[in-house]
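The values are calculated or read from the model by the stated rules, or taken from the named source; none is laboratory data. This is a predicted model, so every value here is computed, not measured. Here Cβ is always computed from backbone atoms with ideal geometry, including for glycine, and neighbour counts include all displayed protein chains. With ligands, DNA and RNA removed, areas are computed over all heavy atoms of the protein, side chains included. Shrake-Rupley method; radii C 1.70, N 1.55, O 1.52, S 1.80 Å.
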Amino acid sequence: MARRLLSIWFPRLASDTSLRNRPIEGPFALTLRSGNSDHLHCVNPCAMARGLRRGMTLADARAICPDLATRPADLAREATALATLRRWTGRYAPMVGTDGVDGLIADISGVSHLFGGEVELREDLQARMDRAGLATVTAIAGTRGAAHALARHGGGIVADGSLAIGIGHLPVTALRVDHDTAEALARMGLSRISDLIPLPRAPLARRFGQGLVLRLDQALGAQAEPVAAEPDPPHFGVRMTLPEPIGLQSDVMAGLARLLERLCAKLTLHRMGARRVRFELRRVDSGSAVVEIGLARPMRDPIRIAALFAKGVDEIDSGFGIDGLRLSAPLTEAMAPEQVTGQIGDGPTIRHEDALADLLSSIGNRIGFDRVQRLLPATSLIPERSFLIAPAAYSSPEPIPQRSGPGRPITLFPPEPVTAASGTPPANFRWRRMRFTTLRATGPERITPEWWFDDPAWRSGLRDYWRIDTQEGPRLWLFVTPQTQDWYMQGEFA
């Protein structure tokens with residue numbers, strides 16, 4: 001069986017994808033920041049008709065086309081679109097791989113007869129892409145290099161055994177050689193592939209490098225070039241179709257438990273843990289309901305996950321009944337194998353970190369994970385900058401570093417003015433409409449502002465901090481600015 005390869009090129013994949021949901025009439029381009037200026041990353045046909053090309057600076061493009069509409073390029077979205085197209089192209093070939101950032105290569109050996117022939121296969125693919133709004137150029141040849149070259153220069157079909165004739169008229173740049181090699185060949189008068197085919201390989205390799213000879217031989221079939229299809233990432237989703245509709249919460253939770261066992265087994269197989277779990281319920285009236293939970297840490301314990309779904313499932317309107325369940329983990333993280341917990345009495349032991357994670361998950365699903373926060377230490381002697389506030393679900397606890405010198409108060413607040421008597425430290429002072437008498441004072445501890453930060457609160461300069469034990473009971477943290485002799489309160493000790 002002769003080997004046949006299908007090359008699919010999407011010349012405007014980025015702009016076509018961007019315009020599908022938000023169409024724009026007139027010239028349009030995606031821009032990408034490179035160096036100190038923005039450049040055109042992808043343009044639509046209207047912009048190309050006005051003389052705009054990929055790689056042109058945005059300033060030059062606007063000088064040529066003042067009414068140009070632009071959006072910033074999203075390379076991640078472009079890669080996702082190509083991956084989606086690669087999976088969809090599986091309807092034409094059992095093995096499909098990516099070919100650069102804007103193309104696909106598919107091995108259609110022994111497949112084309114299912115569509116009526118290679119011409120019909122190309123026509124079917126082209127029609128579907130046209131309906132999807134994607135510009136596409138396709139080519140079929142016996143080698144990957146020939147199919148790639150033909151797709152980038154108009155497309156077509158090269159019959160088996162006619163590679164030299166089918167691609168001979170193409171320029172040498174179609175061989176996937178670098179720009180310098182193509183220019184050197186042009187200076188020698190070798191502008192087309194047909195000019196290279198009869199030449200001996202050894203002089204070509206000595207003059208232009210082994211890469212040119214390799215690409216030429218790959219295009220003509222003298223050197224093998226495999227089509228490697230990337231494995232699809234694991235899909236963490238399971239479903240269940242019910243023979244009879246259900247509506248009771250206990251029945252839904254029983255179905256959820258079965259799905260969780262299968263989902264967690266798949267997560268364990270791939271050493272992953274779920275950070276978000278989505279539960280979809282299909283009603284018999286074609287409606288649906290969704291319950292989605294977040295997890296404070298990667299998890300694949302079905303019992304602990306099921307407990308977080310109880311409240312959401314209880315609020316579902318089952319209508320005339322539910323006949324389909326689907327459970328998926330749209331957000332996952334790597335999770336190393338862990339020791340299975342033992343048992344104490346009749347129940348399993350729950351580690352402290354697991355209990356804390358369950359608490360954070362329960363609270364986070366009610367009020368939002370960004371609102372459940374923890375304090376983390378920071379490397380700064382400035383009291384206000386000695387800690388960081390981070391969401392507890394997306395950070396790990398850190399031990400407080402050991403520090404020498406006076407301790408810090410358990411309660412810290414922004415500086416508040418204090419009316420103090422003369423003396424350092426003051427014998428008595430007023431704060432928050434209360435009078436305090438100094439019983440014992442420890443200090444001073446001088447703190448210098450960090451010169452690399454322009455903090456308005458520290459523009460008064462140095463601070464001398466005192467730890468004051470008052471006769472009334474509170475143990476307070478005061479400071480005085482030597483420059484102004486003003487006293488402030490900033491903390492309270494336990």
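Assorted remarks:
- Residue ID - least open to solvent (accessible area, probe 1.4 Å), chosen from residues in segment 349-406 that are of a type in the set (Asp, Glu) and over 30 Å from Leu476 (Cβ atoms): Asp354
- Selected residue (criterion: nearest to Gly423 (Cα to Cα)) from residues of segment 463-485 that are open to solvent by 50 Å² or more (accessible area, probe 1.4 Å) and at pLDDT below 90: Gln485
- Check on Ala106, touching a residue at least 24 places away in the same chain (Cβ under 8 Å), in a strand (DSSP E or B) and crowded, with 20+ Cβ neighbours inside 10 Å: yes
- Scanning segment 442-462 for residues that are open to solvent by 40 Å² or more (accessible area, probe 1.4 Å) and outside any loop (DSSP other than H, G, I, E, B) yields Thr442, Gly443, Pro444, Arg446, Pro456, Ala457.
- Flag for Arg430 being part of a strand (DSSP E or B), of a type in the set (Lys, Arg) and either touching a residue at least 24 places away in the same chain (Cβ under 8 Å) or out of contact with any Pro (no Cβ under 9 Å at 6 or more places or on another chain) (or both): yes
- Test result for His153, part of a loop (DSSP other than H, G, I, E, B) and in contact (Cβ under 8 Å) with a residue 12 or more places away in the chain: yes
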